[in-house]
Structure formats: C-alpha cells, structure tokens
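Some notes on the structure that comes next.
The values are calculated or read from the model by the stated rules, or taken from the named source; none is laboratory data. If you're wondering where the values come from, they're calculated on a predicted model, not measured in any experiment. Because the Cβ atoms are built from the backbone with ideal geometry, glycine has one as well, and the counts that use them run over all protein chains shown.
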Amino acid sequence: MTRPFARIAGIGAAAPDRVVTNHDLEQTLDTTDAWIVERTGIRQRHIAQADESLSSYTLRAARDAMQQAGVEAADLDGIVFATVTPDRRLPSIACDLQSALGAKNAWAFDLVAACPGWVYSLTVAEGLMSTGQGDTILVVGAEKLSTITDPMDRSTAILFGDGAGACVLRRTTPDDDRGILATYLGADGDLAELLYIPGAGAAEPLTEETVRDKRHLMRMAGREVFKAAVLAMSRSTDAAITRAGLPPDAIDLLVPHQANLRIIEATAKHAGIPMSKVMVNLDRYGNTSSASIPLALVQAQAEGKLKPGMIIMLVAFGAGFTWGSVVLRW
Ligand code: ACO
C-alpha cells in the first residue's frame, strides 16, 4: 500500500437551527411520518430561514474544522467548495468564504458534482497538493437545498435538508501513515434527467414563466434514481476496496452519502460490511447532498466512533449521475 500524501487534520459541520419534522410536513403534504420513516429512514431535516445565507452556517463549519486542525486563516493555501446551491451565481461562494475567513493566501473555487461533491473535492484537493498548489487546503461541502426543492412536491420535499461540512486537508509528514489511501470517481451524463433542474440556467434563463412552471426547482424520478444509486454505490465501494488493496473486512467504518437508509443498507450488504460499522445520521438531517458525509463524520467523531488508525470508507452518488469513494486511515 502506498504512503498517504494528504490527511484530514480537522473536521467541522453546521446546520441551520430550524428543524422541520416529518410531522410538520404532514401539515402541508399528502404524506405521513410512518411512510417517510419506512421508505427513507428520515425523521427530520434542518431548513434555513429565507434570510439565512449558505455562507453563514458554512463559516461555522469551516472555523470548527480549522480549529480542530490547529490552522489559522493565513495558513490556508486553497479552498475547494462543493455545492450546487451557492449564495449567488458570480463570483464563486469559495471566494466569499475566503474573504469571510480572511484567508488571503488561498486560491478558491467552487466544484459542482452534486452529492459526491465533497468526495470529488477531497480527490481534487489531494491532486492539486501533489502538483505543488499548497500543503493546507480547506475542503467544503455545503448546501441550501431548500432553495431548489419544491415544498409542495412530496417526492422530493421529504428527502432534502440544508447543512454544511468542511475539513482541513494537510500534506502528510514522512513519518505519518494516516491519510487518503485510495480515491475513485465516476459519472454517467446519460442519466442526467433522472434528477435535474430544467430551467434557470444559461440554456433557459430565469423568467416569470420559468418560475410559474417551477422549472427552477429539482425534478426527480425517485424509483429510477434509487436503482441507479444502488448500482453506483456498489461500483464505488468495489473500486475503493480494490484500489486501496484491502479486503472488505479491513473497513472499520463506512460513511456513506445519507440519501436513503435502504440505499445505505443495500450498499453495505453488497460490500460485505455489517451495519454495525456503518455511520447513519440521515434521521436527523435528511439528504444534505455534498454536506452529508462531513456531517456524518463530525457526528461519528462526537460519538467516539472515529479513532486514530481506523480505516474509513466514504462513498457517495448523486445527480449527473456522479459517484465516488475515498478510503483513508484516520
Ligand atoms: N408520502 C406518501 N406516499 C408517497 C410519497 C410520500 N412522500 N412519495 C411517493 N408516494 C407514493 C407514490 O405516489 C406511490 O404511490 P402509488 O403506489 O399509489 O403509485 C408509492 O408511494 C410508492 O412510490 P415509489 O416512488 O415507488 O416509492 P419508493 O419506495 O421508491 O420511495 C423514494 C420513494 C423515497 C423517493 C425512493 O425512490 C428514493 O429514495 N429514491 C432515491 C432518491 C434519492 O436518493 N435522491 C437523491 C439522490 S442524489 C442526491 O442526493 C441529490
């Protein structure tokens, strides 16, 4: 096995204060708490207030990650920000975060890869480090999905929530065997319309008509997404295990994208990893896209489930279709 080049030195996560439970959704949607729990495992999600920016709670997550890593803003060489819901179209929210942190020495850009955005960003940040673009990179996954979710669409409104996560990725020292052991990324654009936003992009600029027809909001073919997700997650766990040169029983903790408990269970079963070694927190947050894995990692750490030396696998899928996985020694 190759020596890791970069390691996660600190993690942080945050979510808006407002909690919307399944029972709250029963008031406005033709759904029930029992249906949502049985079909998804979700019990509540955090939803930002209209005037609460993505930057506001992301800043809390970033500061927590930096504090845990013992890193000051001036130490950051770069910021990769995975999101599909930036506060504004131009400039990147990564630049807003660079300014808010006062990280004057950091380059900054956004990365769009939907739910595996944080997994993609870790991989990209490690690659940039290996080409000399810095030794200390802030990797963020954060979303305000409530701004692209139709609150009256029961097939999506029950699933998604808002949240933010971040880590400080640092170059390892020669005597350090902790860090990223293997990464794997994939995509299939042929499946784009299983989960997409038809309007409000450059092909169909925002108009009153777009808004009236809700073409600026997410559309999803749930059952087809489910099938493609199980396939993508299985392919990703297989590839990660192979690339890391490890047997499945070497995985101490699987931290999957938190989309649906049944997808997580199918993934774990395929990979031969018992559910006792799988981190699940979608009951609290729902699906927060690129924030879901760092939110789960932070909770795992708070619950004492992350110990130095453990082998962790991160795996995610999402709109695009995109997928990816990372194996690391914690
Ligand atoms: N409440 C009650 N009934 C519902 C609801 C709801 N919220 N939503 C759908 N139903 C009904 C349907 O209308 C259907 O009724 P019918 O049998 O009379 O036609 C029935 O429940 C079953 O519908 P299915 O769509 O087959 O239900 P399924 O078991 O597939 O669950 C779900 C739906 C939860 C959306 C599931 O397909 C899923 O999780 N898919 C993956 C979605 C996902 O992960 N998306 C994000 C991926 S990428 C990213 O993370 C951004």
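Suppose the filter is away from the ligand (no atom under 11 Å from the Cβ), crowded, with 21+ Cβ neighbours inside 10 Å, among the β-branched types (Val, Ile, Thr) and closer than 24 Å to Met310 by Cβ; does Ile264 pass it? No.
Number of residues in the stretch 141-156 that are hydrophobic (A, V, I, L, M, F, W, C), within 11 Å of the ligand (Cβ to nearest atom) and crowded, with 22+ Cβ neighbours inside 10 Å: the value is 1.
Quick check on my filter: what residues within the stretch 159-191 are of a type in the set (Val, Ile, Thr) and crowded, with 21+ Cβ neighbours inside 10 Å? Across the stretch 159-191, the qualifying residues are Val168, Ile180, Thr183.
Only one entry of Ser276, Ser236 meets the criterion of being hydroxyl-bearing (Ser, Thr, Tyr), away from the ligand (no atom under 16 Å from the Cβ), part of a helix (DSSP H, G or I) and out of contact with any His (no Cβ under 7 Å at 6 or more places or on another chain), and that entry is Ser276.
Regarding Thr149, is this residue within 21 Å of Glu72 (Cα to Cα) and in a loop (DSSP other than H, G, I, E, B)?
On the way: within 21 Å of Glu72 (Cα to Cα): no; in a loop (DSSP other than H, G, I, E, B): yes.
It is false that Thr149 is within 21 Å of Glu72 (Cα to Cα) and in a loop (DSSP other than H, G, I, E, B).
All but one of (1) closer than 27 Å to Ser236 by Cα; (2) under 19 Å from the mean Cα position of the chain (by Cα) hold for Ser155, so report the exception by its number. Of everything listed in (1) closer than 27 Å to Ser236 by Cα; (2) under 19 Å from the mean Cα position of the chain (by Cα), Ser155 misses just condition (2).
Sub-8 Å Cβ pairs linking a first residue in the stretch 186-210 that is over 10 Å from Thr322 (Cβ atoms) to a second residue that is part of a helix (DSSP H, G or I), at least 6 apart or interchain, are Leu194/Glu224; Leu194/Val225; Leu194/Ala228; Leu195/Val225; Gly199/Thr210; Ala200/Thr210; Glu204/Thr210, ordered by first then second residue.
In the stretch 170-185 there is no residue matching the filter, namely being modelled with pLDDT of 95 or more and within 13 Å of the ligand (Cβ to nearest atom). The single residue among Ile36, Ile42 that is crowded, with 22+ Cβ neighbours inside 10 Å, among the hydrophobic types (A, V, I, L, M, F, W, C), at pLDDT 95 or above and touching a strand residue (DSSP E or B) at 6+ places or on another chain (Cβ under 9 Å) turns out to be Ile42.
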